[in-house]
Structure formats: C-alpha cells, structure tokens
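Colleague: Sending over a structure as structure tokens; questions will come in a sec.
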Amino acid sequence: MTTEEYLKRKLREELEREENNRLYREVKILHEGLIYSQSAEKTVSLLGKYFKIVGQTSYNFIEITTDNTIIIDLTPIAHNVDNIRSLLLTINNLGWFVSLIYYKKLLNPRIKDEKYSEEKLLEFIKNKNYTNLYIVLEAKFDRELDVGEIPEKLYHLSYQKHFNKIKEKGLIPKTKNKLSTHPERIFLALNIESVNKLYGQFKTKEPNETFTIWEIEIDKVPQLKLFDDPNYKGKGVYTLMNIPPNAIKIIKENI
C-alpha cells in the first residue's frame, strides 16, 4: 500500500466515524424523553443514513406502506449480526418496534411471516436458511383519540383459557396472543361487528381454540387513553392502561 493509498483509507475511515457519531447524536437527542414516535418519513430518512454508514449507498429497500408501517429488506446486511443489533437499537430509539418477520426460504418461492422476536430473527440469520429477509416496523405511539371520538362501549377478544383470570383481575396489557408482536397493549374493537370479524380471523388461524368476547364500559375506566390501532384502522384501538374487572362484562363465551 502506498502512502497516498494509506492516507486516503484513513481519511475515509475518519469520515465514516464522524458520520456515525453525527447519526448517533441525532438519534440520541430524539430519544431522550421520547413519549412519541418519529414520523415514518423522519424514521426512514435516519435509517437511510444508517444504511449508508454500513456500506449500503442506496436504501430503496426501505418502504413506507399505506397503513403507516415500514418494511425493511434486511437481506443486504443480514450477514453482519453487529449491524443488525445496531439497527434494532436505532429503530427502538426512534420510537418504533419490529412486529413481523417476512422471509422466503431456499427452494421455496412462497413468502411467509412470523411474529417477531430478536432471538428468532438472529436464528434466521445464523442458519442462513433464506433468500430474502424482511422486517415490518410499527410506531410505538400512535395518534391518541380525542374524548369525542371514544364510544361508550368497546369490545375485547380473549382466549377462553384466560376467562377466570380476566374476571378476577380485569384486562392487563400484554404482547402475547396477537397476530404480530407488539409492546404491552390491550387491543379493543370499536364495535361488535369489528370484534366478530377479528374472532373469525383468530378462529381460522387456530380452529381448536375457544374464545370469549368482552364488553368494556368506558365510563368505568377513569382517564382512559386510547390510541389508533394501525393494523385495524377505523375498527380498533389500543390502550396501555389496565382495565378493572368492574368495567367489563361477558358478551359471548366458549365460541
């Protein structure tokens, strides 16, 4: 290596470090005291800078969907676990989270999906049993409903096996038993038609399970904060708060 080549390499490394530090500072400032999610556009812009730092000069593999989720094609960087971990931290600091993994396996043209966990994602990467690997991002914090938008009653679908616990303790936010992975939330349908439709989706996916439909009386949950559910736009909402047992009653059980 000539002196000129060495100096050019050192300069390039220094510029990359500085760019990385600038992105870190920008994301850190956004994250401090974060009680809302950055917009999809801002998030894509910052993630684009991240991909540029790790050697991907074009980031057209990041896309915003019509329901305000973000799809990222991890295939170009999936060989580097450190980059993946750093990306997941950046996503979290921007007020977003990974809800689904989409993948296409070797010798199988169909794209499949699984609920996200970091362990599962890293297992995919370790085994290299894929030709394409994508993650879906959702905002941690969605638009909060105004008081005038909240109906008098909401509806919740649960597994029948949780019946006694719900009757005793009410509804407590959790991430399990959802079609995708979310932070701890209680998902609620805006009307009986929407919860019946949701029941149909779960029953199709898990025909051997039985379910309960609950009705929630809003006036019995003081200062309840509700947020738009991006997966059930116009039909569902979620809350991060507990709902006490005196605020719920059974509509249908063992269905």
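The values are calculated or read from the model by the stated rules, or taken from the named source; none is laboratory data. What you are looking at is a predicted structure, and each value in this text was computed from that prediction instead of being measured. Here Cβ is always computed from backbone atoms with ideal geometry, including for glycine, and neighbour counts include all displayed protein chains.
Colleague: Being aliphatic (A, V, I, L, M) and out of contact with any Ser or Thr (no Cβ under 8 Å at 6 or more places or on another chain): is that true of Ile186 here?
Modeller: Judged against the criteria, Ile186 is not a match.
Colleague: Output the number of residues of the stretch 224-239 satisfying the condition of being part of a loop (DSSP other than H, G, I, E, B), of a type outside the set (D, E, K, R) and at pLDDT below 85.
Modeller: 1
A quick yes/no check of all residues on (1) aliphatic (A, V, I, L, M); (2) more than 30 Å from Pro245 (Cβ to Cβ); (3) surrounded by 14 or more Cβ atoms within 10 Å (Cβ to Cβ):
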| position | (1), (2), (3) |
| --- | --- |
| Leu74 | yes, yes, yes |
| Ile77 | yes, yes, yes |
| Ile101 | yes, yes, yes |
| Leu121 | yes, yes, yes |
| Phe124 | no, yes, yes |
| Leu137 | yes, yes, yes |
| His162 | no, no, yes |
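Colleague: Please go through the stretch 176-220 and pick out each residue that is among the hydroxyl-bearing types (Ser, Thr, Tyr), outside any loop (DSSP other than H, G, I, E, B) and either modelled with pLDDT of 95 or more or surrounded by 14 or more Cβ atoms within 10 Å (Cβ to Cβ) (or both).
Modeller: Ser194, Tyr199, Thr212
Colleague: Condition check: of a type in the set (Lys, Arg) and in a helix (DSSP H, G or I). Does Lys249 satisfy that?
Modeller: Details: of a type in the set (Lys, Arg): yes; in a helix (DSSP H, G or I): no.
Against the criterion (of a type in the set (Lys, Arg) and in a helix (DSSP H, G or I)), Lys249 does not qualify.
Colleague: Ok, one more. Against the definition (surrounded by 14 or more Cβ atoms within 10 Å (Cβ to Cβ) and without any contact (Cβ under 8 Å) to a residue 60 or more places away in the chain), how does Tyr155 come out, yes or no? Even if it seems obvious, please write down each step before you answer.
Modeller: Details: surrounded by 14 or more Cβ atoms within 10 Å (Cβ to Cβ): yes; without any contact (Cβ under 8 Å) to a residue 60 or more places away in the chain: no.
Answer is no for this residue.
Colleague: Here is a check on your reading of the model: is Glu16 at pLDDT 75 or above, surrounded by fewer than 15 Cβ atoms within 10 Å (Cβ to Cβ), part of a helix (DSSP H, G or I) and out of contact with any Asp or Glu (no Cβ under 8 Å at 6 or more places or on another chain)?
Modeller: It is false that Glu16 is at pLDDT 75 or above, surrounded by fewer than 15 Cβ atoms within 10 Å (Cβ to Cβ), part of a helix (DSSP H, G or I) and out of contact with any Asp or Glu (no Cβ under 8 Å at 6 or more places or on another chain).
Colleague: Report yes if some residue within the stretch 125-144 is assigned to a helix (DSSP H, G or I), at pLDDT 80 or above, more than 25 Å from Glu215 (Cα to Cα) and among the hydrophobic types (A, V, I, L, M, F, W, C); otherwise report no.
Modeller: Within the stretch 125-144 (the criterion being assigned to a helix (DSSP H, G or I), at pLDDT 80 or above, more than 25 Å from Glu215 (Cα to Cα) and among the hydrophobic types (A, V, I, L, M, F, W, C)), the answer is yes, since at least one residue qualifies.
Colleague: Same structure again: Assess whether Asp67 counts as being surrounded by fewer than 18 Cβ atoms within 10 Å (Cβ to Cβ), in contact with a Leu (Cβ under 6 Å, 6 or more places away or on another chain) and under 24 Å from Lys205 (Cα atoms). Don't jump to the end; show me each part of the working.
Modeller: Numbers: surrounded by fewer than 18 Cβ atoms within 10 Å (Cβ to Cβ): yes; in contact with a Leu (Cβ under 6 Å, 6 or more places away or on another chain): no; under 24 Å from Lys205 (Cα atoms): yes.
Considered against the rule, which asks whether it is surrounded by fewer than 18 Cβ atoms within 10 Å (Cβ to Cβ), in contact with a Leu (Cβ under 6 Å, 6 or more places away or on another chain) and under 24 Å from Lys205 (Cα atoms), Asp67 comes out as no.
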